[in-house]
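Notes follow once the structure below has been shown.
Where a number appears in this text, it was derived from the coordinates with a stated rule and is not lab data. From a predicted model like this one, the values you see are computed outputs, not experimental measurements. Virtual Cβ from ideal backbone geometry, glycine too; neighbours counted across all protein chains shown.
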Amino acid sequence: MIVIVKLVWDSWNVEHIARHDVIPEEVEEVCHGKYIVRETYDKRLLLIGPTLSERILAIVLGTTKRRGAIIRLQHGLPVRRRSAFMKMNTSRSIR
C-alpha cells in the first residue's frame, strides 16, 4: 500500500490534465480514495479509481528528481470504459 501525502501542482500539470477535462480536485479525490495501483515505466505509478462523483480516472504519478520522495502528477485522464476498471478491480488488489 502506498500513502500519498501531498501532490506537487504546477502550471504544466494543471494545464495538461485540463486538456483531458480533469481538474486537480478530481485527481486529489482519486489519490486519497480507493484505487488500484500498478508500477509502470521509470518507476512511475498508475492509479485507477473513482472520484467522489464516481468518474473513473487514470492517474500517472512520479517522484520529482530534485525533491526526493515528493509525488508529482504526470498525467490524469478519464477511463472511457468503466468495465475496464471493474475488470481490474476484481482481478487485482485495491488500496
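Selection of first residues in segment 1-28 that are outside any loop (DSSP other than H, G, I, E, B) and of second residues that are hydroxyl-bearing (Ser, Thr, Tyr), restricted to Cβ pairs under 9 Å at least 6 apart or on distinct chains, gives the following pairs, ordered by first then second residue: VAL8/THR64; GLU25/THR51; GLU26/THR51; GLU26/SER53; VAL27/THR51.
Selection of segment 32-59 for residues being outside any strand (DSSP E or B) and either in contact (Cβ under 8 Å) with a residue 40 or more places away in the chain or under 11 Å from PRO78 (Cβ atoms) (or both) yields LYS34, TYR35, THR51, ARG55.
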